Ligand code: ADP
Ligand code: MG
């Protein structure tokens, strides 16, 4: 008997309508959801050309009878809901009955399936919605969907697909998200060289996190688990969901971890990855006094609740939800995270780093030269507005830095598993390199010509800033960024002149990569090797670093590579070789430069000022931060009311 039914029109009209197939990753998403809904535990995904040429998802789920195998391709045909009431209690990942017909409409599709208890299986072939053949086959119980030549009959859509690597990146994100939500399943993805990953089924979320992100990231996370009872007297929820409770299981990063974007925030509701303002806001509040503005934690939040408590029929992509008790969910998440962070660390260590010692926030691309030259004292960190998506139209005000992004990619992209950043020195991951023209404008705007003959270092403030006199004027020089500028120009000059200094390591360093980083790294390796690194793949998703640029210490290397990959990923398009060389030079410079809180002998200060003034752009660091603040003699005299 067939399980799949056509939905009555009135019910079909109640379902959030819209396109589901946007790119290969959306096909993979729908196919994975179908496999998981069919109870599959073994999921093998293969893609070619980032999914443009081929996507294959093989599962060991319950399979389909011959009748169902044909019905599945009708629009609004589903085995998952029957009546309008079912919509308020959705317990499966899919329910719209639209994915298979939509995918079959824009590709050449082959479905091979065998249901439990049936003697024969069925193969159905469809090309651009036209049935091309049905035959009996023999296979194990389960289903394999093969989707070839996506958009072969819609050239306009095909044109908008990105480079294979970019599309593959999206596929990796999707498979990883489902793998995180379903640790009891095996998820194997092949599509790049020998295969991207093969996460075997595990018992716990913790183990799955370890498989996906590695030990390093796991060490930086605090695990929390809470059962949240319903408010007494509240109407009992419809349907039997995962219990009559709300269960929260989360991994949130310790206060010292700071990410420059929201890409490491994952929220799952009843094993469905969602983008949700309420949850995002709650997390933002929990971290409000812990992270500086514009920094984000790493968080994986898994919430399970009775199905009737959450409406998933909000958006066709099924990634937006509406909670019946949204303020309760919000407050519970916030309090649980606050409590866990407090337990992980004593109260006293909680405050943000001392304001006065912070270095200016990086100037993002499109830096405004007038904000940088050294005639004014530094503005406060966080004064640059964060670029975010559309203003909130529903829900509460979001705390600084936690506004939801408008781009669907914002919550989608896979985080990197590099180490978190600690407070000093400021790292460069978040900063955009500024162009030579921007630096030139800053230089021109800076008053006075600097000459080493006139500059006399007087000492340091807080072992971080050199105070110097220059013919009656006062200079304050940030020693870290000054040295960064010197090294940046040196490293870049050596690379472009083909005279790179490199040091071999006695023992190679082993760096862990996540699947996304692995793809990016393949492209970066030749240039890294020309810049004085010697990196080689070392087993699955690890990298052996055998040599480093001469100025760099081994302890900085894995963080540097993580930041570099994060930076390249953020640009989202192909990075030119020139820009890549600059990025590598800037990363090396940032990590090798003298740190803040380092005492310098006078001779070292003289040397640094000398070297700085030999550079092309002594006023700004490669990321656009000012290096020198200058207080003119006249200003000083005026301030003392002498003129
Ligand atoms: P929906 O998932 O919203 O029901 P789909 O178009 O994705 O709609 O799938 C239609 C139907 O085909 C599903 O309801 C399910 O019964 C069946 N189906 C699809 N994929 C599989 C699979 N991998 N294993 C078993 N049944 C499947
Ligand atoms: Mg489906």
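The values are calculated or read from the model by the stated rules, or taken from the named source; none is laboratory data. None of these values were measured; they are calculated from a predicted model. Note that each Cβ is placed from the backbone with ideal geometry, even for glycine, and that neighbours are counted across all protein chains shown.
Comparison of 29, 52 shows that the only residue that is away from ligand 1 (no atom under 13 Å from the Cβ) and either on the phi < 0 side of the Ramachandran plot or in contact with a helix residue (DSSP H, G or I) (Cβ under 7 Å, 6 or more places away or on another chain) (or both) is 52.
Just wondering, is there one or more residues in region 94-105 that are closer than 28 Å to residue 8 by Cα, more than 12 Å from ligand 1 (Cβ to nearest atom) and out of contact with any helix residue (DSSP H, G or I) (no Cβ under 7 Å at 6 or more places or on another chain)? No.
For region 60-82, state whether one or more residues are in the same structural domain as residue 164 (by TED's automatic domain parsing), within 16 Å of ligand 2 (Cβ to nearest atom) and within 32 Å of the chain's Cα centre (by Cα). Yes: region 60-82 contains one or more residues that are in the same structural domain as residue 164 (by TED's automatic domain parsing), within 16 Å of ligand 2 (Cβ to nearest atom) and within 32 Å of the chain's Cα centre (by Cα). When you scan region 75-88, do you find a residue that is farther than 30 Å from residue 323 by Cα and within 16 Å of ligand 1 (Cβ to nearest atom), even just one? No: zero hits.
For first residues located in region 66-82 and closer than 11 Å to residue 113 by Cα, partners that are within 12 Å of ligand 2 (Cβ to nearest atom) and lie 6+ apart or on another chain with Cβ distances below 6 Å form the pairs 68/4. Name the single residue, out of those in region 107-148 being in contact with a helix residue (DSSP H, G or I) (Cβ under 9 Å, 6 or more places away or on another chain), part of a loop (DSSP other than H, G, I, E, B) and at pLDDT 95 or above, that is surrounded by the fewest Cβ atoms within 10 Å (Cβ to Cβ). Looking at the filtered set, the residue picked out is 115.
Could you tell me whether residue 39 is crowded, with 19+ Cβ neighbours inside 10 Å, more than 8 Å from ligand 1 (Cβ to nearest atom) and within 30 Å of the chain's Cα centre (by Cα)?
no
For region 531-554, indicate whether the set of residues that are part of a helix (DSSP H, G or I) and out of contact with any strand residue (DSSP E or B) (no Cβ under 8 Å at 6 or more places or on another chain) is non-empty.
no
Only a single item in (1) within 10 Å of ligand 1 (Cβ to nearest atom); (2) surrounded by fewer than 18 Cβ atoms within 10 Å (Cβ to Cβ); (3) at pLDDT 95 or above is not met by residue 3, and it is number (3). Residues of region 492-514 that are in a loop (DSSP other than H, G, I, E, B) and over 26 Å from residue 209 (Cβ atoms): 497, 498, 499, 500, 501.
Answer yes or no: is there a residue in region 98-110 that is assigned by TED's automatic domain parsing to the domain that holds residue 27, touching a strand residue (DSSP E or B) at 6+ places or on another chain (Cβ under 6 Å) and away from ligand 2 (no atom under 16 Å from the Cβ). Checked against the condition, which is being assigned by TED's automatic domain parsing to the domain that holds residue 27, touching a strand residue (DSSP E or B) at 6+ places or on another chain (Cβ under 6 Å) and away from ligand 2 (no atom under 16 Å from the Cβ), region 98-110 yields at least one hit.
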